[in-house]
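Inspection log for the structure reproduced underneath, given as structure tokens.
The values are calculated or read from the model by the stated rules, or taken from the named source; none is laboratory data. Note that the structure is predicted; figures quoted are calculated from it, not measured. Glycine gets a Cβ as well: all are built from the backbone with ideal geometry, and neighbour counts include every protein chain shown. We work out accessible area using only protein heavy atoms, side chains counted, and drop any ligands, DNA or RNA first. Shrake-Rupley method; radii C 1.70, N 1.55, O 1.52, S 1.80 Å.
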Amino acid sequence: MDIKSILIANRGEIAIRVMKTARRMGLKTWCFQTPQEANACYISFADEVIRIPEESSATLIFLDLEAIIRYAKVNQIDSIHPGYGFLAENPDLARRCDEEGILFIGPSEESIRQMGDKNEAKKLAVAVGLPVIKGSDAPVTSLIEATRQAFETGYPVMLKALAGGGGKGMRVVRDARELEQSYNMTVNEAINAFNNGAMLIEKYIECPRHIEVQILADRYGNAVHLFERECSVQRNHQKLLEEAPSVALTDSLRTAMTDCALKLCKAANYYTLGTVEFLLDKQDNFYFLEMNTRIQVEHPVTEAITGLDLVELQICTASGEKLSLEQDDIQIKGWAFEFRVNAEDVQANFAPNFGIIDEMIFPVSPHLRVDAGFTAGSVMPALYDSLVAKLIVTGKTRDEAILHALAVLKKARISGIKTTIPFIKATLNDPDFVAGIFDTSFVGNMKQLYYQEKNEERAASMIALQAYLEDMEKIESNCIESSGVTPWITRMWNKII
Amino acid sequence: MAKDKRQKYRVSGIREFAFVTQTFSVRQTQRQQIEKTGQNVYRVELNNESFTGEIIQKKQNRCSVLINGNTYHFQIDREESARRKKAGGRKTEENKTYTLKAPMPGKICEIFVSKGLEVKEGEPILILEAMKMHNQILASENARVVTIHVKKNDNVLGDQLLIELERIK
């Protein structure tokens, strides 16, 4: 299928990321301009903009499946790229695209449906011989069932929403007394987020590493893997930074895991990009967790170590091109980190810290790629996720990449909002992290979540005193300004805890 | 102008710092320098290390500073009054009531307590949903519920007063 135009049914940095490649491929790029974010950065990257009228702002266009299809039809757009989040893993979008003769940039409706149902995905994994975590083999829909299943599996167990994803609808239950409350909370969360309260119960693996394999396949059964990504640095199952490759994998373990990922992909007749997630325990046993059927937030680390453009490969394989890459063509070159700069207040338990970005400066470096959805002066709307920018830092080795990252972060400047940069610095200064000794319990065990330079608080106290003295001087000389505060201070006023 | 010739100040945040000031300015030495570089922006040199910080909140003698992406909240007192406050502080420390504030903006999903109920330290008081995650808010000490200011499904702002409690021994 030869396509000429593409509608990006997404916003922020991923919309920009997709449009950059699509434009290079000669496709006409389309995006939505929403009333919620009318001046967003991503809009200026599109060739054509579809304006969403104010009156329809009750539902987000990015979640309005039929409206997206309608706009694509009216404007005769050939293809739709869903990005990540929103409708990216909704099989109905793929189905409706098929029905209307629009190319969906992603796998088939069946693949999304199969992998989106955790129980179905696990069944398939078992059928093709992948190791899985012991637990329920059918969805659990009542507390009685949950109690029985948890007892059979043995505590601690993990409650997982059948339709879950993105770290939502998951909870660890340590013993039977916790089960009732945890079960009810997780079901509620799952109903709110995914409109499906069914649960899976699995043995909880203590302190595993989270490692995922990127795969790429065409519609003709050819598939390759693009190695692994290490995503163990998480908080509440939300990834905070990722790297590729992983220090935890020996060559034989890497071969075993990537083989499993490809086996699953072939058994599912999967095509385009996909990610097979695994947990790796202390004894180097790995278990299939789930498969993500979209482009991932952390795809740039894979691009950095393989030199490939994943969005281009996604579009090509979706549109029916045969895969021209052989496995041996793909080699790991160097090391890459991705740091998620989120608008969150690390000192206040990562509470969202939305607002206006007054200043955002990153140094220019051959080792740095910045994928940002905002620039200085942009408003971070509270409506969406808190991702401000992704910093992808590379080096020949892991140690070199860490040094480059520290240099980049030292020069990075963001003001107006608080971000996760102090957390990233704390991680990069942690001896265990630097030595590669960490797992998913890393963030929970950190002594301090934000990095402080020596003398930093003293410097801050000096500034506070100086500003106070200047006010005193004004009072004494009777020339106090009318308000005494700048608009910027007023804006930040309610955000500081 | 003559009033503030030379003063001693205590600036207390997480830690406490003492400074000598001279005519409305922190006394500068070779190892300690400060310069205003913009509206609310200052540059500090401390032992040959350079810091840039911004004033983000100022109210009477309280001041918050953003530096390297971290915020610090300070209370500024003259040396004498700081000492006086410390001495007097112990008597009023027996504050019986304390308040529960929203740690982040969100929606109240569930309230487990009612007025007059006694809660033990670590027991859940309510569930606050923020960014689609349910967060349990726990009692930080043994207490009795005095007033509940919110109800189920209320949307709350960060730092909003939720519940008042009374400590019990």
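R0 = 51 Å: FRET efficiency of B:E123 with A:T397, Cβ-based, nearest 0.05?
0.55
How high is the relative contact order of chain A? Use alpha-carbon pairs under 8 Å, at least six apart in sequence, and give a whole percent.
Values: 979 pairs, mean separation 64.2, N = 497.
Worked out over chain A, it gives 13 percent.
Output wanted: per-residue J couplings in Hz (rounded whole) for segment A:282-292, from phi through Karplus 6.51 cos²θ - 1.76 cosθ + 1.60, θ = phi - 60°, x for Gly and Pro.
4, 8, 6, 7, 10, 10, 5, 10, 6, 10, 9
Probe 1.4 Å, all protein chains in place: accessible area of A:K282 in Å², nearest 10?
It works out to around 130 Å².
Between the helical axis of A:176-194 and the dominant principal axis of chain A, each derived from Cα atoms, what acute angle in degrees is found, rounded to the nearest 10?
Approximately 90 degrees, to the nearest 10.
Per residue of A:235-244, what is the mean number of Cβ atoms on other protein chains within 10 angstrom of that residue's Cβ? Walk me through the numbers on the way to the answer.
Details: counts 0, 3, 1, 2, 0, 0, 0, 0, 0, 0.
Across A:235-244, the average partner-chain Cβ count within 10 Å equals 1.
Which whole-Hz ³J(HN,Hα) couplings does segment A:419-429 yield from phi under the Karplus relation 6.51 cos²θ - 1.76 cosθ + 1.60, θ = phi - 60°, glycine and proline marked x?
These are the phi-based 3J(HN,Hα) values: 10, 7, 4, x, 5, 4, 4, 4, 5, 5, 9 Hz.
How much solvent-accessible surface does A:V128 expose, in Å² to the nearest 10, with a 1.4 Å probe and all protein chains in place?
Accessible area, nearest 10 Å²: 40 Å².
Taking H as built 1.01 Å from N, whose amide H comes closer than 5 Å to the amide H of A:D358, not counting residues under 5 places away?
Amide H to amide H, under 5 Å and 5 or more residues apart or across chains, A:D358 pairs with A:G377, A:S415, A:G416, A:I417.
Averaging sequence separations of C-alpha pairs under 8 Å and six or more residues apart, then dividing by the length of segment A:134-203, give the relative contact order as a whole percent. It would help to have the intermediate numbers written out before the result.
Numbers: 130 pairs, mean separation 31.7, N = 70.
Computed over segment A:134-203, the figure is 45 percent.
Between A:N349 and residues 5 or more places away or on another chain, which pairs have amide H atoms under 5 Å apart, with H built 1.01 Å from N, and which residues are they?
none
Could you order A:F354, A:F86, B:F24 so the one with the most accessible surface comes first? Probe is 1.4 Å.
Numbers: A:F354 35, A:F86 70, B:F24 5 Å².
Ranked from most to least accessible, the order is A:F86, A:F354, B:F24.
List every residue whose amide H lies under 5 Å from the amide H of A:A198, counting only residues 5 or more places away in sequence or on a different chain, with H placed 1.01 Å from N in the peptide plane.
Close amide H contacts, sequence-distant or interchain: A:L162.
Ignoring any ligand, DNA or RNA, what whole percent of the accessible area of segment A:134-203 comes from carbon and sulfur when the probe is 1.4 angstrom? Write out the running numbers ahead of the final one.
Values: 1710 of 3240 Å².
Carbon and sulfur: 53 percent of the exposed surface of segment A:134-203.
Could you derive backbone 3J(HN,Hα) for segment B:55-67 from the dihedral phi with the Karplus parameters 6.51, -1.76 and 1.60 (θ = phi - 60°), listing whole Hz in sequence and x where the residue is Gly or Pro?
7, 10, 7, 8, 8, 6, 9, 10, 8, 10, 10, 9, 9
Could you tell me the total accessible area buried at the A-B interface, probe 1.4 Å, in square angstrom to the nearest hundred? Intermediate values should be presented prior to the final figure.
On the way: alone 22840 and 12590 Å², together 29750 Å².
Counting protein atoms only, the buried area is about 5700 Å².
Using a 10 Å cut-off on Cβ to Cβ distances, tally the other chain neighbours for every residue of B:57-65 and report the average as a whole number. Working shown, then result.
Values: counts 9, 9, 4, 2, 4, 2, 9, 6, 11.
Rounded to a whole number, the mean comes out at 6.
Within 10 Å of each Cβ in peptide A:223-233, how many partner chain Cβ atoms are there on average? Round it to a whole number, please.
On the way: counts 0, 0, 0, 0, 0, 0, 0, 0, 0, 0, 0.
Partner Cβ neighbours, averaged per residue: 0.
So what is the relative contact order of segment A:209-445, in percent, for Cα pairs below 8 Å that sit 6 or more residues apart? Could the numbers behind the result be given before it?
On the way: 483 pairs, mean separation 50.7, N = 237.
Taking the mean separation of contacting Cα pairs over the length of segment A:209-445, I get 21 percent.
Taking the full set of protein chains and a 1.4 angstrom probe, give the accessible area of A:R340 in square angstrom, rounded to the nearest 10.
Rounded to the nearest 10, that gives 30 Å².
Sorting A:D385, A:D98 by accessible area (1.4 Å probe), largest first, what list results?
On the way: A:D385 75, A:D98 110 Å².
Final ranking, largest accessible area leading: A:D98, A:D385.
Filter the trypsin sites (Lys or Arg not before Pro) in segment A:355-456 down to the DSSP loop ones having no more than 14 other Cβ atoms within 10 Å, then list what survives. The partial results should precede the final answer.
Values: sites: A:R369, A:K390, A:K396, A:R398, A:K410, A:K411, A:R413, A:K418, A:K425, A:K447, A:K454; in loops: A:K396, A:K418, A:K447, A:K454.
Sites meeting the loop and neighbour criteria: A:K396, A:K447, A:K454.
A:S324 versus A:R174, label points 7 Å from Cα toward the beta carbon: distance in nm?
Reported label-point gap for A:S324 and A:R174 is 5.6 nm.
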